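Okay, so here's the structure we're looking at.
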Ligand SMILES: *Cc1c(COP(=O)(O)O)cnc(C)c1O
């Protein structure tokens, strides 16, 4: 073979490692912010009945009006805003950044540590990514953010609200200042909205450059891959051109419509998770050598001495969480645990107590 991958890919791409998804076979899986609750049997029956109307021989409806109406209702999307659908919000990030390819000096900005896909996708697309460090308490460094906005004049700023992996909600006034000061778009990524007490959805009309991104993944539909962006129709009309026309498949559309009609069940599950988050946080607070951080999401970030060893000890006890120590910086010695069922949380705490007592 004379033509090799080395001749095809940029050196940065060859140096990349594929997104690591560790095997969780047989383990208590608390690493990926999934909703731990399965559907009741009666609901599964009703869902399968609903799916009977699927026509797999036909392409899905690219406009998906029924689904969009259900999402609008569920998420309180204001009337003046439109909706763009993505195969997960990951795909929406990709669509947003795709629009910048080939534009000179198109910087993308986010505070860090944050959701890694903003930087990752920017890098794939060869865009300039500016990461502005959060303060040591994981809040926005207002002055540093505003200075970076003035200096780099970013086309897009991503703010995860609540932030992943830190779990906190950034200060509202600082966000408003950033939105006003940014010459480009500001995307509020509200992936954890079902667990937070606050949203920017109802403020879209207040700012011409504000977009709000949501996903059904953390609510309890991670397997469907459905995310959406809400914002001013003038903007969404342009991004719509970069969306692959059939990105939301027939089964996802029908399943999401069905699930959104079962709002009460999801409200029960998410309120259970919010309550269990507080219990978990209290219990973590009682452990010596563990510092846990406040969370408005369905996970908790905590710092433990010898995080790598603690992570491995948990895994040996059948508990999979996320080790953030390799990221370094502010995340040194940090681990992230997803809130599971009460039984899973107890098993995690028992394993953690054993690990830190070592
Ligand atoms: C999980 C997560 C997403 C990705 O959501 P998908 O819709 O599953 O692609 C986006 N943003 C943040 C901050 C997340 O934590």
Margin query: Could you tell me how far the Cα centroid of segment 1-58 sits from the Cα centroid of segment 218-290, in Å?
Written below: 15 Å
Next item on the list: Could you check the simple spin-label distance between residue 14 and residue 128, using points 7 Å along Cα→Cβ, in nm with one decimal?
Entry: 2.7 nm
Checklist line | Linear extension gain, residue 234 paired with residue 327, 0.36 nm per residue minus alpha-carbon span | finding: 29.7 nm
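Counting only C-alpha contacts under 8 Å and six or more residues apart, can you give the relative contact order of the chain as a whole percent? If you can, show how the numbers build up before the last one.
Numbers: 592 pairs, mean separation 79.6, N = 358.
Worked out over the chain, it gives 22 percent.
Determine by what factor the alpha-carbon radius of gyration of segment 205-268 differs from 2.2 N^0.38 Å, reporting the quotient. Working shown, then result.
Numbers: Rg = 13.9 Å, N = 64, 2.2 N^0.38 = 10.7 Å.
Against the compact-globule rule of thumb, the ratio is 1.30.
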Notebook entry, point to check: What percentage of all Cα-Cα pairs in segment 58-179 are separated by more than 17 Å?
Noted result: 64 percent
Notebook entry, point to check: Expressed as a whole percent, how much of the Cα-Cα distance distribution for segment 55-129 exceeds 17 Å?
Noted result: 59 percent
Check: DSSP beta bridges in the chain, what fraction antiparallel, as a percent rounded to 5?
Finding: 50 percent
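Using alpha carbons only, what's the Rg to Rh ratio of the chain with Rh from Kirkwood?
Numbers: Rg = 20.9 Å, Rh = 21.7 Å.
Across the chain, the Cα-based Rg/Rh ratio is 0.97.
How much of the DSSP bridge set in segment 54-262 is antiparallel, in percent, rounded to the nearest 5? Each step should come with its number before you reach the end.
Working: 9 of 26 bridges.
Antiparallel bridges make up about 35 percent of those DSSP assigns within segment 54-262.
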Next item on the list: Normalise the Debye intensity by I(0) for segment 54-262, one equal point scatterer per Cα, no solvent, then take log10 at q = 0.11, 0.15 Å⁻¹ and round to two decimals.
Entry: -0.49, -0.93
Next item on the list: Would you mind ranking 116, 132 by Cβ crowding within 10 Å, fewest neighbours first?
Entry: 116, 132
Next item on the list: Just subtract the alpha-carbon distance of residue 55 and residue 261 from 0.36 nm times their residue separation and send over the number in nm, one decimal.
Entry: 72.1 nm
Next item on the list: Can you put 186, 157 in order of Cβ neighbours within 10 angstrom, beginning with the fewest?
Entry: 186, 157
Margin query: Distances longer than 20 Å among the Cα atoms of segment 8-62: what percent of all pairs is that?
Written below: 65 percent
Item checked: Length-normalised contact order for segment 154-238 - Cα pairs under 8 Å, 6+ apart - percent -> 25 percent
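Among 334, 289, which comes first, then next, by fewest other beta-carbon atoms within 10 Å?
Values: 334 23, 289 11.
Taking fewest neighbouring Cβ atoms as first place, the list is 289, 334.
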Notebook entry, point to check: Shape of segment 157-211 from its Cα gyration tensor (a ≥ b ≥ c, root eigenvalues): rounded if a/c is under 1.5, otherwise prolate when a/b > b/c, or oblate?
Noted result: prolate
Note to self: I need to check one value: relative contact order of segment 54-262, counting alpha carbon pairs closer than 8 Å and at least 6 residues apart, in percent.
What the structure shows: 31 percent
Checklist line | segment 146-259: antiparallel DSSP beta bridges as a percent of all, rounded to 5 | finding: 30 percent
Notebook entry, point to check: Can you give the convex hull volume of the alpha carbon atoms of segment 260-349 per residue, in Å³?
Noted result: 107 Å³
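Values in this text are rule-based calculations from the coordinates and carry no lab data. These numbers were taken from a predicted model, which means no experiment stands behind them. Note: ideal-geometry Cβ built from the backbone for every residue, glycine included; neighbour counts use all protein chains shown.
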